[in-house]
There are 2 protein chains.
Amino acid sequence: MEEKQLKQVRHFNRAVTRRIGVLTDNYLGSGRPLGEARVLFEIGMDGANVRDLRARLSLDSGYLSRLLRSLERQGLATSQPDGDDGRVRWVTLTPKGRKEWKALDRGAQDVAVSLLAPLGERQRERLLAAMEEVERLLRASAVAIEPVDPGSADAQVCIEAYFRELEERFETGFDPARSISAAPEELVPPAGLFLVARLDGQPVGCGALKVKGRRLGEIKRMWVAPSARGLGIAQRLLDALEQHAAEAGLGILQLDTNRTLSEARALYVRNGYVEIAAYNTNPYADHWFEKRGLRRRK
Amino acid sequence: MEEKQLKQVRHFNRAVTRRIGVLTDNYLGSGRPLGEARVLFEIGMDGANVRDLRARLSLDSGYLSRLLRSLERQGLATSQPDGDDGRVRWVTLTPKGRKEWKALDRGAQDVAVSLLAPLGERQRERLLAAMEEVERLLRASAVAIEPVDPGSADAQVCIEAYFRELEERFETGFDPARSISAAPEELVPPAGLFLVARLDGQPVGCGALKVKGRRLGEIKRMWVAPSARGLGIAQRLLDALEQHAAEAGLGILQLDTNRTLSEARALYVRNGYVEIAAYNTNPYADHWFEKRGLRRRK
DNA sequence: TAAATTATCTGACTATAGTCAGATAATGGA
DNA sequence: TCCATTATCTGACTATAGTCAGATAATTTA
């Protein structure tokens, strides 16, 4: 990574947090302590339960309790036990609280207006496009890829979502039992590898490697959640699997895929996989690919 | 301004301040109160004088004094009277303080690395380009344009910088006395108007309107600081002057310019000014322009 | 059903951040 | 030279943010 690039990122961080940060100190203009204002805003027009509030704002339970009590004393919020779980309390804003919420919301709106208002229409469009790009790529950079046990909860979430998607997309539907197996124990080192991609702790993709011979491996279970597509996650999963395969001494990787999965096919072609004759009898496979001469990256 | 655009800006603000903000809480990881860490970092490797520190961090003088004392007590900084001004104190970091500074700097560097590291080279380049664009446009949106008295300090700063630049750029040099006059009193309503553009309080551009007849006006003193070019400031100044001229009932605007000022000429042409015969004997003018049929904008 | 866990609350703290009113000394301008 | 201003410092405050150790009641797990 170049020095110059890092410098630019740091500059951006400073500039943006200063420019937006200062304006975002909307809460401070409310004439109300930051903590209280944050809680009030987070309760929102629809109300919220205290457990969620605590998680979202990551506050100490005692502290939050006190803040809520203070809002209640000021007639801004009321609380009652939640229907489902008698331990949890459900907080709602009173009419007075809603009024305050709207004032805070208006403040945030004003910030947005004050950023856009001085610009001409063309500049405005460029700013919005660049903002979207930055946001998207920061999301991409927050994705972490890690090997996990294929039996772990996160892995299971991914595999189930993967099967559900295949069921929807294949013209014939999809029954895991009829497909070529990749049992959990086949995807644990040294027989294989199972990777999960996570965004903010939530699993959003997976990919697996199954070792089939001294030099031969197979790619399985490549999937990315629809909400996280376009972030380059599949490419990173594939890179990591190939890297691991190369380190394990494998020289050839194979995989099969269905005609309806066109993004996947494009990914494989882009990465140097070439179509070969069927190497298995998977009823769901329409294309078989192979890549030879894997190389370890630095 | 569209609802959708505002929503997108708010989303960006939340997402970016969260993502970067959390990481930027570098200071908090230093095991040192935020205030102290900020001051220590701001003193920097080269030292700083207390007056500047106070301005940069906008801290109460008493508070800052106490923070500095605390840093001194911990053996992180030392201070002595400044050479130039006996009232001001000059603070320097001790070797121990420099070590802490480096740790903070490394933290900020790590943030930048952690943002870029997970991305591929192409994504990295796109992120940096988008960051640059956002930064540039946020800077543009922070520029405020206001009418001021042409005799005010900010106006003078601009005019002097403008003359200095003409002196440099014109092949013949530039002597204000030989140029066609625009005395301060001619640029005050209702005889005229003088606008200053400011970025973070600093004047970075100006433009003036001189009323020459019942329907005729002239554009003068169009200038933007080199450091603030590319932000669309000249366009905004021109828009504001035309708007004011239209409201004052003027139907024709004229202006003269020198052949070396090509950006200016492009600006005028882009805005519908057409070249006309010389309407004055300004020795520094090579081109004369005119725009008819001004219209008030909404 | 007993035991462990979870969600909230209360009381008793501490640390940080920040404000305000002088006091003092150096500087700059009339 | 005198006076207003400026930069810093000290003392005396206050408010906010946050932590921690139980207590209590509801829920889940064994």
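In this entry, residue B:175 passes the filter for residues that are of a type in the set (D, E, K, R), open to solvent by 20 Å² or more (accessible area, probe 1.4 Å) and more than 14 Å from chain A (Cβ to nearest Cβ). How many residues does segment B:228-258 contain that are within 14 Å of another protein chain (Cβ to nearest Cβ) and not charged (D, E, K, R)? Number satisfying all stated conditions: 11. Residue A:30 falls short of the stated requirement of being within 13 Å of DNA strand D (Cβ to nearest atom), within 11 Å of chain B (Cβ to nearest Cβ) and either within 22 Å of residue A:200 (Cα to Cα) or not charged (D, E, K, R) (or both). For residue B:91, the stated conditions do not hold, so it cannot be described as more than 7 Å from chain A (Cβ to nearest Cβ), surrounded by fewer than 19 Cβ atoms within 10 Å (Cβ to Cβ) and touching a strand residue (DSSP E or B) at 6+ places or on another chain (Cβ under 6 Å).
Of the set (1) assigned to a helix (DSSP H, G or I); (2) over 26 Å from residue B:41 (Cα atoms); (3) away from every other protein chain (no Cβ under 14 Å), all apply to residue B:129 but (3).
Of all the residues in segment A:81-105, those that are more than 34 Å from the chain's Cα centre (by Cα) and within 13 Å of DNA strand D (Cβ to nearest atom) number 0. Of the residues making up segment B:125-162, those that are open to solvent by 30 Å² or more (accessible area, probe 1.4 Å) and either of a type in the set (Ser, Thr, Tyr) or modelled with pLDDT under 90 (or both) number 9. Residues that are part of a strand (DSSP E or B), open to solvent by 50 Å² or more (accessible area, probe 1.4 Å) and of a type outside the set (Phe, Trp, Tyr): does segment B:107-124 have at least one? The answer is no; no qualifying residue exists. Close Cβ contacts (under 9 Å, 6 or more residues apart or on different chains) running from residues in segment B:53-72 that are within 14 Å of chain A (Cβ to nearest Cβ) to residues that are within 9 Å of DNA strand C (Cβ to nearest atom) and open to solvent by 30 Å² or more (accessible area, probe 1.4 Å) comprise B:57/B:38.
The values are calculated or read from the model by the stated rules, or taken from the named source; none is laboratory data. Everything quoted here is computed from the prediction, not taken from an experiment. Quick reminder, even Gly has a Cβ in these numbers, built from the backbone with ideal geometry, and neighbours come from all protein chains shown. Note: accessible area is taken over every heavy atom of the protein model, side chains too, but ligands, DNA and RNA are not part of it. Shrake-Rupley method; radii C 1.70, N 1.55, O 1.52, S 1.80 Å.
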